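Data block below; observations after.
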Amino acid sequence: MDDETTDGLTHLYHGPGKGKTTAAVGLCTRALGHGQTVTVLQFMKGADEMADQYGEVQLLDSLEDAAVEQFPAGHAQSADDLSDAERERLERGLDVATETLADGQHDVVVLDELLTLHSIGFLDEQRVDTVLQSKADAVELVVTGREAPAAVIDAADYVSYIGAVKHPFRRGVGARPGIEY
C-alpha cells in the first residue's frame, strides 16, 4: 500500500434506492476505526419529532470522534412545501456545511440528502456547486441524495448509483427501527 498522502476525495451516492445513507455511515465507521474524525450533516431527514430517532444518529452521537447535526424539514416534495422555519433551518444547514467543509478540521464530512434540496427545487445547481467547492483539500466528502446534477457527477471522484428494484414500502410495509431508520 502506498503511504503517499492524498487530498480528500468526493464520493457521491445517489439514486432512488435504499442504502445511500447506510453506505455513507459505513464509510464513517471505517474512518472512525482508523482514528479519523467524522461529521455528518443531515438535511430533510424526517420531521422535527423524529429527527433523533435514526439509528445512525444515535450511534454516531455516542462516539467521541463523530458529530451529527440535523436540519430536518419534514417530507417536502417541492420547495413550495417548506415552511419559513424549515427554509431558515435549511439555509443555516447550508452555511454550516460550507463552514465545515472549508475549515478542514474534519477528516470525513457527509452531506446526507444535500441533493434532495436540489431535487425539490430549494437549491439551484450553482448553490450546490458553491457548497461543494468550499471543501478544504484534506477533507473526504460524501454527498447523498436521489437526483444528482450532471456537474456533481462529473466533479465526484467516486460515483455510486443506488437503484430501486423492489421495496416493501410498495406493499404497505412501513419503516422499521434499525432497518429503514
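Screening the candidates GLY104, GLY121, GLY172 for the property of being more than 20 Å from VAL40 (Cα to Cα), free of Cβ contacts under 8 Å to residues at least 40 places away in the same chain and small (Gly, Ala, Ser) yields one hit, GLY172.
Exactly one residue out of VAL139, VAL68 is within 13 Å of the chain's Cα centre (by Cα), closer than 27 Å to GLY33 by Cβ and in contact (Cβ under 8 Å) with a residue 24 or more places away in the chain, and it is VAL68. Considering segment 96-181, there are no qualifying strands (runs of 3 or more DSSP E) wholly inside with 1 or more residues that are modelled with pLDDT under 95 and loosely packed, with under 12 Cβ neighbours inside 10 Å. Within segment 61-79, the residues that satisfy the criterion of being among the acidic types (Asp, Glu) and at pLDDT below 95 are ASP61, GLU64, GLU69.
Scanning segment 59-68 finds no residues that are surrounded by fewer than 22 Cβ atoms within 10 Å (Cβ to Cβ), under 15 Å from THR21 (Cα atoms) and acidic (Asp, Glu). When segment 101-116 is filtered for residues that are within 16 Å of ARG127 (Cβ to Cβ) and not hydrophobic (A, V, I, L, M, F, W, C), the ones remaining, listed by number, are GLU113, THR116.
The values are calculated or read from the model by the stated rules, or taken from the named source; none is laboratory data. Everything numeric here is computed off the predicted structure, so don't read it as measured data. Here Cβ is always computed from backbone atoms with ideal geometry, including for glycine, and neighbour counts include all displayed protein chains.
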